[in-house]
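Q: First the structure, which I've put down as structure tokens, then a few questions once you've had a look.
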Amino acid sequence: MANTKPSTVLLKLALIAMALASASAASASTTHLRFYMHDTVTASAENPATVVQVTRGTTPLPGAPTTRFGDMYVIDDPLTERPSASSPAVGRAQGFYLFSAQHELAVMHCLNIVFTAGENNGSYIVVQARDAILDKVRELPVVGGAGRFRGATGYGLLRTHSFNSSTNNAVLLIDMHLSVELGT
Ligand SMILES: *[C@@H]1O[C@H](CO)[C@@H](O)[C@H](O)[C@H]1NC(C)=O
Ligand SMILES: *[C@@H]1O[C@H](CO)[C@@H](O)[C@H](O)[C@H]1NC(C)=O
């Protein structure tokens, strides 16, 4: 007899938890955003640099003698709809990346993805991620957001679209998969 009551309570709690889980799933919207990020380390006549190195590390990294563990870059990179820098603007990636691995080419990203066009203008999402830059696909955890993206969860997939090893300029493809609670 003494055992039946707690198990009934547990069953009820489980049912309530299931109801809450399905209610919250129903009130979240999911969004897929695709855009290109232009990381211009070396300026040219057409394009000013969008990256500034703010610290210089000590230990050269394997296969990249001019890149060092501890190098840190502040960025304000334009985001566009297509690979061409002159395609319509989507926003800016603002923050920093830091070469944070001693024995491989991996950076830590701390970025605000700030949207400047359309209905997302002024809203942003916050990304903190590890990026092993030679990997084909890297995952960008979304740790939050503001405006239309308040409380956003999700992830991005980052791919190198093009890279120029003489300038270190890169165009990166980002696919963001976001889930946003409605009515917050
Ligand atoms: C985005 O919002 C800013 C500030 O409200 C405004 O100045 C700008 O014109 C808007 N841009 C677009 C493309 O709507
Ligand atoms: C890399 O950049 C240099 C300097 O701007 C340029 O001369 C060269 O053509 C570029 N390489 C590629 C593959 O785009």
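Laboratory data are not the source of any read-out in this text; all were calculated from the coordinates shown. Please read all numbers here as calculations on a predicted model, not as lab measurements. Here the Cβ positions follow ideal geometry from the backbone for every residue, glycine too, while neighbour counts run over all protein chains shown.
Q: Taking the stretch 79-184, which trypsin sites (Lys or Arg not before Pro) meet the DSSP loop condition and have no more than 11 other C-beta atoms within 10 Å?
A: Here the sparse-neighbourhood loop sites are LYS136.
Q: Whose amide H sits under 5 Å from the amide H of THR55, counting only residues 5 or more places off or on another chain, with H placed in the peptide plane?
A: Result for THR55 returns MET72.
Q: Can you compute the FRET efficiency between PHE163 and THR31 using 1/(1 + (r/R0)^6), with r the Cβ-Cβ distance and R0 = 30 Å? Round to the nearest 0.05.
A: 0.60
Q: While we're here: If N is the number of residues in the stretch 47-111, what value comes out of its Cα radius of gyration divided by 2.2 N^0.38 Å?
A: Against the empirical 2.2 N^0.38 Å value, I get 1.28 for the stretch 47-111.
Q: Next question. With a cut-off of 17 Å, note down the residues of the stretch 153-180 whose backbone N falls inside the zone around a label point 7 Å from the Cα of SER44 toward its beta carbon.
A: Within reach of a label on SER44: 161-172.
Q: Right, here's the next one. Just name one of TYR155, ALA85, ASN121: the one whose Cα is farthest towards the positive end of the charge dipole of the stretch 15-167 (beta-carbon charges, Lys/Arg +1, Asp/Glu -1).
A: TYR155
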